[in-house]
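J.: This is the structure I have questions about; it appears just below.
Derivation of every value follows stated rules applied to the coordinates shown; laboratory data play no part. Quantities reported herein were computed from a predicted structural model and do not represent experimental measurements. We place every Cβ from the backbone using ideal geometry, glycine too, and count neighbours over all the protein chains shown.
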């Protein structure tokens, strides 16, 4: 699911179909965050069998109700997917614009995700300090960028995938009210 531009799979390029494994999940396209349901498209039956053997040794099968939810999602009319993509884009745009107005923050607009990963380095605070501050002072859940590795320092992750626009606006009001306190901390 992308918001701008056209998606082009590497598998469509000359000579790549037989060299590509496509991994996908239902997380974004069908708003099934946390359901841990996905699939793989392999270049051969043999490769799929090896992959299946590996996965079966490290994971158990997904629950039955998750599988039925996935089937239901795949049967949705395309118009529902387009509607959800437009809703997610609206949420992304509002959150990115408003969060980007905060002093010490810069926001890269994701072209296809349900998260923002704003740069908060100019606040002079660590990503953990900012995430903790947002939770303690504004009651906003954010993840420290370091949850995604050491190079995530200086960033936080904010999700807009399951949050309707009115809640995003309410959250931004609370963040704007608390933000000066973060910048003035010694």
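J.: Does region 10-74 come out rounded, prolate or oblate by the C-alpha gyration tensor, with a ≥ b ≥ c the root eigenvalues, rounded set by a/c under 1.5 and, if not, prolate when a/b is larger than b/c and oblate if not?
T.: oblate
J.: Can you tell me the length gained on complete extension of the stretch residue 135 to residue 75, counting 0.36 nm per residue apart and subtracting the Cα distance?
T.: Extra length from residue 135 to residue 75 when fully extended: 17.8 nm.
J.: Give, in whole angstrom and from largest to smallest, the semi-axes √(5λ) of the equivalent ellipsoid of region 79-184, with λ running over the eigenvalues of the Cα gyration tensor.
T.: In descending order, the three semi-axes are 23, 15, 11 Å.
J.: What 222 nm value per residue comes from the helices of the chain, counting each DSSP H run with n ≥ 4 as -39,500 (n - 2.57) and dividing by all residues, nearest 500 deg cm²/dmol?
T.: Value at 222 nm, helices only, nearest 500: -14500 deg cm²/dmol.
J.: Taking 7 Å along the Cα-to-C-beta vector as the label spot, tell me the residue 18-residue 4 distance in nanometres, rounded to one decimal.
T.: 3.9 nm
J.: Angle, helix 64-74 long axis vs. longest principal axis of the chain, Cα atoms, 0 to 90°, nearest 10?
T.: Tilt relative to the chain: about 90 degrees.
J.: Helix 45-58: angle to the longest alpha-carbon principal axis of the chain, degrees 0 to 90, nearest 10?
T.: Approximately 50 degrees, to the nearest 10.
J.: Let me ask something else about it. Label-point separation (nm) for residue 44 and residue 85, each offset 7 Å from Cα along Cα-to-Cβ?
T.: Going from the residue 44 label point to the residue 85 one covers 3.4 nm.
J.: Obtain the nm distance between the two label points defined at residue 128 and residue 11 by a simple spin-label model: each point lies 7 Å from its Cα along the Cα-to-C-beta direction.
T.: If labels sit at residue 128 and residue 11, their model points lie 4.1 nm apart.
J.: I'd like the orientation of helix 165-184 relative to the chain: the angle between its Cα long axis and the longest Cα principal axis, in ° from 0 to 90, rounded to 10.
T.: The angle comes out near 50 degrees.
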